[in-house]
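The values are calculated or read from the model by the stated rules, or taken from the named source; none is laboratory data. All of these numbers come straight from a predicted model, not from anything done at the bench. Every residue, glycine among them, receives a Cβ derived from its backbone with ideal geometry; neighbour counts consider all protein chains shown.
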Amino acid sequence: KQMTLSEEFFRENSEGVMRQKRAPIRVIIGNPPYSAKQGSANDNAQNLAYPILDGRIAETYADKTGATNKNSLYDSYIKAFRWASDRIADNPEGGIVGFISNGTWIDGNAQDGFRACLENEFSDIYVLNLRGNQRTSGELSRKEGGKIFGGGSRTPITITFLVKKPAKVGHKATIHYHDIGDYLTREQKLELVKKFHSVDGRSLDWQIIEPTERHDWVNQRDGVFESLVPMTPDKKFNINSKSFFIVNSRGNETGRDAWIYNSSKSSLERNIDTTITVFNENSGLNKDEIDYDETKISWTSSLLEKAKRGESLLYSDDYSFALYRPFFKQNVYRGVGLTHRRGQFDCFLSGNLTNKFICISGLGGTKDFSCIITDIIPDLNVLNSGTQCFPLYWYEEKKVIERSLFDDDTNNEKYARRDGISDWILKEVRKRFGNSKAITKEYIFYYVYGILHSPQYRERFAADLKKSLPRIPIVDNVEDFMAFYKAGKALAELHLNYEQVPPSPDVESHITDAVFVEPTADEPFGYTQYDHYSVDKMAFPKVRNESGKLVADKSRIIYNSNITIENIPAKAYEYVVNGKSAIEWIMERYALTQDSKSLIINDPNTWSREHSNPTYIYDLLLSVINLSMQTVDIVNSLPKLKL
C-alpha cells in the first residue's frame with residue numbers, strides 16, 4: 001500500500017507506533033492531563049481535537065447521560081479513560097487500567113453516562129477518593145483537606161483501577177469504593193496511601209457500592225424526589241406545563257465580567273468605550289491578525305464570530321443594576337453584542353418594567369443548595385454552578401397576544417404582563433385546599449421561596465438538588481401552606497430590601513472622630529467623611545484559642561483603621577448562601593480589587609461617591625448582620641415538612 005507522509009519521512013517512529021498498536025496490552029497506568037479547555041478565547045489556542053476519540057465518547061458516555069450540558073465529557077482525562085478502555089477491550093485476555101485523575105467524575109451530573117459505561121465495560125472497579133476539592137468553601141473546604149498536588153491544584157483526586165476479566169463479560173462491575181476521610185492534610189493522605197500498599201491490603205477497607213438506576217455511586221438521590229412537582233417547565237413558555245413555573249433562565253453570562261460590571265458607572269462607561277473601539281478596529285481581520293491583548297478586550301467565541309463576519313458594535317446608553325454576588329450590587333452594561341449569553345432577561349426586564357426572581361443553584365455544584373431573591377438582573381454566578389432564575393412575571397410585546405386564563409395586562413404601552421407561575425399549579429393547589437380563590441399565583445411564588453429555605457427539604461434532598469433542579473412538595477394542609485407562604489414572603493421582603501434593614505441594636509460600632517472638612521460642590525460631604533468610611537479589605541481580628549492557635553474572632557469585624565464593629569452574635573453567621581455567610585459575602589466583595597488580566601480596578605467606594613452616600617458600605621454591613629439574624633429566626637419558625 002502507499003505510505004503516508006509520516007511513514008515515509010519518520011519510518012522508524014511509524015514502525016514503532018504500528019508495533020505498539022498491534023501488541024496485546026493488558027495494563028495501562030497513567031496520570032492523564034486534567035485540562036478542560038483553553039483559559040479564554042484570548043488564548044487563541046484551542047485544545048487539540050481527536051475526531052475518532054470524540055466520536056467514541058459521543059456514542060458511549062455522551063449517549064448514556066441524562067445531562068443537557070455534555071461539554072465536560074470531552075475533558076482530557078475523560079478522553080484518556082475512553083482511549084484506555086477501548087485499548088484494553090482489544091485484548092481477549094482482559095486487562096487493567098490504573099489512573100490518578102481528576103475525581104469530579106465520581107459524582108458529576110454529566111458523568112452519569114460515563115459511570116454507566118464503566119459499570120458495563122469492566123468486571124471490577126476500585127476507586128480511592130483522595131478528596132482535596134478546593135472549588136468549595138468554608139467548612140466543606142476544610143473537610144476536603146489538603147490538595148494532593150499542592151500549589152494551584154483545586155480539583156479532587158482519585159486513584160482508579162478498572163479491571164476487565166473475560167470470564168465476567170455481560171455482568172455489571174463490582175464497585176469497590178474508599179473515601180480517604182475528612183480534614184486530612186496532604187501529608188496525612190499520602191502517608192495513608194503508602195500504608196494501603198495494595199488494593200487487597202488489609203488496611204484498606206473497601207465499601208461495595210450498589211449504583212442506582214440513574215448511575216449514582218455516591219450521594220445517591222432520594223426516590224421520593226421524583227414524585228414531587230418540578231419547578232421547571234418541560235418547555236419554556238408552555239402555558240400548559242405541569243410545573244410550578246412556565247419559564248426559567250440562567251443568570252446573566254457576560255463572558256467578560258471585569259469589562260461589563262463595575263461599582264463605578266463612570267469607570268464602566270470608559271471600559272465599554274475601550275472594548276467597543278478595539279472590537280471595531282479588529283472586526284473583519286483574519287484570526288491571526290486580531291489583537292488578543294487582554295488589557296484592551298476580552299474575546300469570547302460569540303464575539304470572535306461577530307468579528308469574523310465583519311460586524312460592528314454600536315455603543316448604547318443601556319446600563320442597569322445587577323446582583324453580581326449575594327447582597328453585592330453593581331452597575332452592568334446591557335448593550336447588544338457584549339454579553340455572551342443574555343438568557344431570557346430581555347422578556348423578564350425591559351425598559352421600566354419590574355419583576356422578581358427566585359434564583360437557585362445550578363446543576364453539578366460543589367456547594368450545598370441555596371437560593372436568593374432579587375428584583376434586578378442576577379449574574380450567572382450569584383449562586384453555585386450556573387444560577388437558574390424563576391420569574392414572578394414575564395413580558396410579551398403586545399403585537400403578539402396569547403393570554404392565559406389568569407393573566408392581566410399592565411398599563412405599559414408596549415408589553416403585556418404574563419405570569420411566571422403556571423395555570424396548572426394554581427388549579428392543583430386550589431383543588432388541594434377546597435378550591436380556595438384566596439390563593440393566588442403570588443401566594444404560590446412566595447410559598448416556593450419558603451419551601452426552598454426549609455432545613456428538612458434541603459437535608460432530605462441534598463443529593464438530588466446537586467443533580468436535578470428542584471421539585472416542590474404540595475403540603476397536606478392549608479395551614480402549613482399559608483405558613484410557608486407567609487415565611488417565604490417575609491424572607492423575600494427582607495432579602496429584596498436588604499439595604500434598608502435597620503442595624504441590630506445589640507451590635508456595637510467603635511468609630512474614631514472624623515476631621516471635618518468644609519463641603520464643596522464636588523464633595524458635598526467633605527473629603528474626610530468619604531475617606532473615613534472607605535474600605536480596602538475588611539477582616540476578622542485574630543485571637544488565640546485554648547490550644548494557642550490563632551483563629552478568627554467573628555464577633556468583631558475590622559471595617560477599616562477608623563471603625564471596628566463588635567458584639568456580632570454567632571447566630572448571624574448561620575445564614576449561609578452559596579457556601580458562605582451573607583456577612584462574609586459583604587466582607588469579601590466590598591474590597592478594592594484589580595482584575596489580573598484586564599488590569600481593571602473595581603473600587604466599591606466609588607458606589608458610595610456616585611450615590612452621594614459616604615456611609616453606604618458601613619450601613620450595608622450592619623443591615624446584613626441584622627438581616628442574617630432575622631433570616632435564621634424565620635427559617636427556624638417554618639413548619640416541619642412531612643416527606
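How many of the residues making up region 439-454 are farther than 20 Å from L641 by Cα and surrounded by 23 or more Cβ atoms within 10 Å (Cβ to Cβ)?
Going through region 439-454 one residue at a time, the tally reaches 0.
Here is a list of conditions, (1) more than 24 Å from the chain's Cα centre (by Cα); (2) of a type in the set (A, V, I, L, M, F, W, C); (3) surrounded by fewer than 18 Cβ atoms within 10 Å (Cβ to Cβ), and I180 meets all of them except one; can you say which number that is?
Just one mismatch for I180, condition (3).
Of everything in region 66-88 that's at pLDDT 90 or above and polar (S, T, N, Q), which residue is farthest from H215 (Cα to Cα)?
S76
Please verify whether A582 is surrounded by 18 or more Cβ atoms within 10 Å (Cβ to Cβ), among the small types (G, A, S) and closer than 30 Å to E144 by Cα, treating the condition exactly as stated. Walk me through how you get there before you give the answer.
Details: surrounded by 18 or more Cβ atoms within 10 Å (Cβ to Cβ): yes; among the small types (G, A, S): yes; closer than 30 Å to E144 by Cα: yes.
Taking the combined requirement at face value, the residue satisfies it.
Could you please find all residues in region 257-291 being crowded, with 18+ Cβ neighbours inside 10 Å and part of a loop (DSSP other than H, G, I, E, B)?
Once the filter is applied, which keeps residues that are crowded, with 18+ Cβ neighbours inside 10 Å and part of a loop (DSSP other than H, G, I, E, B), region 257-291 yields S263, S264, I290.
Which condition number does G145 fail, the rest of (1) on the phi > 0 side of the Ramachandran plot; (2) modelled with pLDDT of 90 or more being met?
Only one criterion is unmet by G145, namely (2).
If R471 meets every condition in (1) closer than 30 Å to T68 by Cβ; (2) surrounded by fewer than 18 Cβ atoms within 10 Å (Cβ to Cβ); (3) touching a helix residue (DSSP H, G or I) at 6+ places or on another chain (Cβ under 8 Å); (4) of a type outside the set (G, A, S) apart from one, which number is that one?
(2)
Looking at L465, L469 in this structure, which one is farther than 13 Å from L643 by Cα and either assigned to a loop (DSSP other than H, G, I, E, B) or without any contact (Cβ under 8 Å) to a residue 24 or more places away in the chain (or both)?
L469
Is it true that some residue in region 614-624 is surrounded by 20 or more Cβ atoms within 10 Å (Cβ to Cβ) and at pLDDT below 95?
Yes: region 614-624 contains one or more residues that are surrounded by 20 or more Cβ atoms within 10 Å (Cβ to Cβ) and at pLDDT below 95.
Would you mention how many residues in region 307-324 are in contact (Cβ under 8 Å) with a residue 60 or more places away in the chain and either surrounded by fewer than 20 Cβ atoms within 10 Å (Cβ to Cβ) or of a type in the set (A, V, I, L, M) (or both)? It would help to see each step written out before you state the result.
Narrowing region 307-324 to residues in contact (Cβ under 8 Å) with a residue 60 or more places away in the chain: 322, 324.
Okay, now just the ones that are also either surrounded by fewer than 20 Cβ atoms within 10 Å (Cβ to Cβ) or of a type in the set (A, V, I, L, M) (or both), so 322.
Within region 307-324, residues that are in contact (Cβ under 8 Å) with a residue 60 or more places away in the chain and either surrounded by fewer than 20 Cβ atoms within 10 Å (Cβ to Cβ) or of a type in the set (A, V, I, L, M) (or both) number 1.
Is it the case that some residue within region 602-624 is touching a Pro at 6+ places or on another chain (Cβ under 7 Å) and farther than 23 Å from S267 by Cβ?
yes
From the list E144, E119, E139, which residue is among the acidic types (D, E), in contact (Cβ under 8 Å) with a residue 40 or more places away in the chain and either in the same structural domain as L190 (by TED's automatic domain parsing) or more than 22 Å from S85 (Cβ to Cβ) (or both)?
E119
Looking only at region 482-494, decide whether some residue is out of contact with any helix residue (DSSP H, G or I) (no Cβ under 9 Å at 6 or more places or on another chain), in contact (Cβ under 8 Å) with a residue 40 or more places away in the chain and either of a type in the set (A, V, I, L, M, F, W, C) or part of a helix (DSSP H, G or I) (or both).
No, there is no match, as no residue in region 482-494 is out of contact with any helix residue (DSSP H, G or I) (no Cβ under 9 Å at 6 or more places or on another chain), in contact (Cβ under 8 Å) with a residue 40 or more places away in the chain and either of a type in the set (A, V, I, L, M, F, W, C) or part of a helix (DSSP H, G or I) (or both).
Within region 405-429, which residues are at pLDDT 60 or above and either assigned to a strand (DSSP E or B) or hydrophobic (A, V, I, L, M, F, W, C) (or both)?
Of everything in region 405-429, those that are at pLDDT 60 or above and either assigned to a strand (DSSP E or B) or hydrophobic (A, V, I, L, M, F, W, C) (or both) turn out to be Y415, A416, R417, R418, D419, I421, W424, I425, L426, V429.
Quick one: what pairs do we get from region 408-422, first residue in the same structural domain as I239 (by TED's automatic domain parsing) and at positive phi, second modelled with pLDDT of 95 or more and not β-branched (V, I, T), C-beta under 6 Å, 6+ apart or different chains?
none
Listed here are the residues, each with its yes/no results for (1) of a type in the set (S, T, Y); (2) touching a residue at least 40 places away in the same chain (Cβ under 8 Å); (3) in the same structural domain as H171 (by TED's automatic domain parsing); (4) more than 30 Å from D464 (Cα to Cα).
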position	(1), (2), (3), (4)
T185	yes, yes, yes, no
H197	no, no, yes, yes
R202	no, no, yes, yes
D205	no, no, yes, no
I208	no, no, yes, no
H215	no, yes, yes, no
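State the number of residues belonging to region 16-57 that are modelled with pLDDT under 75 and in a helix (DSSP H, G or I).
Going through region 16-57 one residue at a time, the tally reaches 10.
Please determine, by comparing only the residues of region 543-566 that are at pLDDT below 95 and of a type in the set (K, R), which one is nearest to the chain's Cα centre (by Cα).
K549
If you take the residues in region 387-404 that are over 21 Å from A492 (Cα atoms) and not β-branched (V, I, T), which one is modelled with the highest pLDDT?
This residue is Y395.
Among the residues of region 587-597, are any among the hydrophobic types (A, V, I, L, M, F, W, C), farther than 24 Å from D506 by Cβ and either touching a residue at least 24 places away in the same chain (Cβ under 8 Å) or outside any strand (DSSP E or B) (or both)?
yes
Just to be sure, is R334 within 30 Å of K466 (Cα to Cα) and among the charged types (D, E, K, R)?
no
Conditions (1) at pLDDT below 95; (2) under 27 Å from D480 (Cβ atoms); (3) not assigned by TED's automatic domain parsing to the domain that holds K329, marked per residue:
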| position | (1), (2), (3) |
| --- | --- |
| I568 | no, no, yes |
| Y573 | no, no, yes |
| M587 | no, no, yes |
| A591 | no, no, yes |
| P604 | no, no, yes |
| R609 | yes, no, yes |
| Q630 | no, yes, yes |
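If I filter region 246-256 down to residues being more than 12 Å from S598 (Cβ to Cβ) and part of a loop (DSSP other than H, G, I, E, B), which single residue comes out as nearest to the chain's Cα centre (by Cα)? Walk me through it before giving the result.
Applying the first criterion (more than 12 Å from S598 (Cβ to Cβ)) to region 246-256 yields 246-255.
This time we only want the ones that are part of a loop (DSSP other than H, G, I, E, B), so: 246-248, 251, 254-255.
Values: I246: 23, V247: 20, N248: 16, G251: 10, T254: 14, G255: 14 Å.
Restricting to residues being more than 12 Å from S598 (Cβ to Cβ) and part of a loop (DSSP other than H, G, I, E, B), the top hit is G251.
What are the residues in region 427-438 that are surrounded by fewer than 20 Cβ atoms within 10 Å (Cβ to Cβ) and at negative phi, if any? Give the steps one after another, and end with the answer.
Of region 427-438, the ones surrounded by fewer than 20 Cβ atoms within 10 Å (Cβ to Cβ) are 427-428, 430-438.
Passing the criteria: K427, E428, R430, K431, R432, F433, S436, K437, A438.
Does at least one position in region 530-542 carry a residue that is part of a loop (DSSP other than H, G, I, E, B), more than 20 Å from P326 (Cα to Cα) and not assigned by TED's automatic domain parsing to the domain that holds K296? Please lay out each step first, then the result.
In the first step, residues of region 530-542 are kept if they are part of a loop (DSSP other than H, G, I, E, B); the result is 534-538, 540-541.
Pick out the ones that are also more than 20 Å from P326 (Cα to Cα) and you get 534, 541.
Right, trim to not assigned by TED's automatic domain parsing to the domain that holds K296 and you get 534, 541.
For region 530-542, residues part of a loop (DSSP other than H, G, I, E, B), more than 20 Å from P326 (Cα to Cα) and not assigned by TED's automatic domain parsing to the domain that holds K296: present.
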